[in-house]
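Heads up: the structure comes next, in structure tokens.
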Amino acid sequence: MCGTYYGHRPTSPDLAHFPRQRWLAAVRHVLTTVPSDALDYGDPGGVPELREELAGYLRRVRAADVRPENLVIVGGVAQGLSLVLHVLGGRQRGLRLAVEDPTSHRQVPLLRRAGAQLVPVPVDGEGLDVRRLSGEAALVTPAHQYPTGVVLSPGRRAALVEWAHAGGRFVLEDDYDAELRFDRDPVGCLQGLAPDRVILSGSVSKALAPGLRLGWVAAPSELAEAVRRARGELDLGSPVIDQYALAHFLRTGGYDKHLRRMRREYRRRRDALVEALAEELPRVRVGGIEAGLHLYLELPEGWPELRFVRAAQDLGLSAEPVGPMRELPGPAAVVAGFARLPAHRAVEVVRRLKVHMSGQNVD
Ligand SMILES: Cc1ncc(COP(=O)(O)O)c(C=O)c1O
């Protein structure tokens, strides 16, 4: 039943909790209700029912300023970014794209392949340092910066929007981890502040499963038709049965219900890991705890990232080094994912990690 499995990332959800029965019910509903013609090549922008549901959802949950005609359904944020850069690159060759530093190293080849020249901009405790921005467009993760986990401050949000307006520039907003905010309501997306300058991308990869490859791009009216047309020219659009199923899942409240349940569970797991780290490894600085499925851990002087990562992985704590995510200098740090670490295992794992790192002058 199963082909090659590429391994769990620290940022992936706990897929054992994928709502199989409810998804099955949604697919069954689709297959018993949609007319045969609905299975033909459709609108490359996505099935109208899903765009309608998503527009309502993004307005309600993300304070986005979105109408169905601004939306293009894509195979995840990765594809959405490729598509948008393809369109922007058609207007401006060698587009200079400001990216956060550190950033998601997996996205770098994708951005380069789409023709962008990357300009690293440092991230500090308030998020992207907007004062040091340069380039013709910027890619940001304001809800939960990857990998540092910083939430972009209100001042920086306003400054970023001003930068975009002042130069007629576009901001590509990766709405990363937006729905997994634990301690208070999610911060609204940047797009809601400047819908004519911000291109919002999101997906169900965290809320449901990355393997669904389902996401969206909400583009300003000026760009939306070009993005839809590019999707049609490149590959004719996304699988329609999954799109109808997601529309049904959203309409019947299944998506919200699943997220509510998972937020509670992930919060428990996060709290357990944060407490265990504070107790056992107090010299490790823990950041990015407000949202998402990973912690950003700054390591004490002299601790090699790779040694920590290998030990964590061996103990079942999914981790990745931050070094490869940087162009600019920064402290040794790792990303540690808690989504699949049951709360009752946190203390044991961190204690064993402490023993493993003890040769590195831990206390
Ligand atoms: C910061 C960030 N955004 C988005 C993505 C891609 O997400 P999706 O599954 O929606 O394509 C990744 C995956 O590597 C990521 O690290």
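Assorted remarks:
- The set of residues in segment 196-239 being assigned to a loop (DSSP other than H, G, I, E, B) and within 12 Å of the ligand (Cβ to nearest atom) consists of Val204, Ser205, Lys206, Ala207, Leu208, Ala209, Arg213, Leu214.
- Which listed residue is more than 30 Å from Gly237 (Cβ to Cβ) and either in a loop (DSSP other than H, G, I, E, B) or not hydroxyl-bearing (Ser, Thr, Tyr) (or both), from Asp177, Asp183: Asp183
- Checking each residue in segment 169-190 for being of a type in the set (Gly, Ala, Ser) and either buried (at least 21 other Cβ atoms within 10 Å of the Cβ) or in contact with an Asp or Glu (Cβ under 9 Å, 6 or more places away or on another chain) (or both) picks out only Ala178.
- Failed condition for Leu212, given (1) touching a residue at least 40 places away in the same chain (Cβ under 8 Å); (2) closer than 23 Å to Leu111 by Cβ; (3) of a type outside the set (Asp, Glu): (1)
- Only one entry of Val187, Val217, Val171 meets the criterion of being of a type outside the set (Lys, Arg) and closer than 19 Å to Val119 by Cα, and that entry is Val171.
- Search result, residues across segment 153-178 that are in contact with a Lys or Arg (Cβ under 8 Å, 6 or more places away or on another chain), free of Cβ contacts under 8 Å to residues at least 40 places away in the same chain and within 21 Å of Leu58 (Cα to Cα): Val161, Val171
- Every residue from segment 319-360 that is in a strand (DSSP E or B) and within 19 Å of Val99 (Cβ to Cβ): Glu320, Pro321, Ala333, Val335
- Test: Val187 is touching a strand residue (DSSP E or B) at 6+ places or on another chain (Cβ under 6 Å), in the same structural domain as Gly46 (by TED's automatic domain parsing) and farther than 21 Å from Arg340 by Cβ: no
- Condition check for Leu193: within 17 Å of Val171 (Cβ to Cβ), within 16 Å of the ligand (Cβ to nearest atom) and among the aliphatic types (A, V, I, L, M): no
- Taking segment 106-127 as the range and being within 13 Å of the ligand (Cβ to nearest atom), within 21 Å of Ala291 (Cβ to Cβ) and surrounded by 17 or more Cβ atoms within 10 Å (Cβ to Cβ) as the test, the residues that pass are Gln107, Val123.
Table: residues versus (1) out of contact with any strand residue (DSSP E or B) (no Cβ under 7 Å at 6 or more places or on another chain); (2) in contact (Cβ under 8 Å) with a residue 12 or more places away in the chain; (3) within 26 Å of Arg213 (Cα to Cα).
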site: Pro44; (1), (2), (3): yes, yes, yes
site: Arg59; (1), (2), (3): yes, no, yes
site: Val66; (1), (2), (3): no, yes, yes
site: Ile73; (1), (2), (3): no, yes, yes
site: Val77; (1), (2), (3): no, yes, yes
site: Val87; (1), (2), (3): yes, yes, yes
site: Gly94; (1), (2), (3): no, yes, no
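- In this entry, Arg9 is excluded by the filter for residues that are basic (Lys, Arg) and in the same structural domain as Ala247 (by TED's automatic domain parsing).
- Annotation for segment 131-138: no member residue is assigned by TED's automatic domain parsing to the domain that holds Ser104 and within 13 Å of the ligand (Cβ to nearest atom).
To keep it simple, each residue is scored yes or no on (1) surrounded by fewer than 20 Cβ atoms within 10 Å (Cβ to Cβ); (2) touching a Ser or Thr at 6+ places or on another chain (Cβ under 9 Å); (3) over 25 Å from Arg268 (Cα atoms); (4) of a type in the set (Lys, Arg).
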site: Ala143; (1), (2), (3), (4): no, no, no, no
site: Gly167; (1), (2), (3), (4): yes, no, yes, no
site: Gly192; (1), (2), (3), (4): yes, no, yes, no
site: Ile199; (1), (2), (3), (4): no, no, yes, no
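- Figure legend. Inter-residue proximity from segment 139-152: first residues in a loop (DSSP other than H, G, I, E, B), second residues among the hydroxyl-bearing types (Ser, Thr, Tyr) and more than 10 Å from the ligand (Cβ to nearest atom), beta-carbon distance below 6 Å, spacing 6+ or different chains. Indicated pairs: Pro147/Tyr296; Thr148/Tyr296; Gly149/Tyr296.
- Counting the residues of segment 166-185 that are in contact with a helix residue (DSSP H, G or I) (Cβ under 6 Å, 6 or more places away or on another chain) and more than 16 Å from the ligand (Cβ to nearest atom) gives 1.
- Of all residues in segment 63-80 being within 16 Å of the ligand (Cβ to nearest atom) and in a helix (DSSP H, G or I), the one that is surrounded by the most Cβ atoms within 10 Å (Cβ to Cβ): Gly80
- Selection from segment 304-318 of residues that are buried (at least 21 other Cβ atoms within 10 Å of the Cβ) and in a loop (DSSP other than H, G, I, E, B): Leu317
- Of all residues in segment 96-105 being within 11 Å of the ligand (Cβ to nearest atom) and not β-branched (Val, Ile, Thr), the one that is farthest from Gly125 (Cα to Cα): His105
The values are calculated or read from the model by the stated rules, or taken from the named source; none is laboratory data. Quick caveat: nothing in here was measured; it's all calculated off a predicted structure. Every residue, glycine as well, gets a Cβ built from its backbone with ideal geometry; the counts of neighbours run over all protein chains shown.
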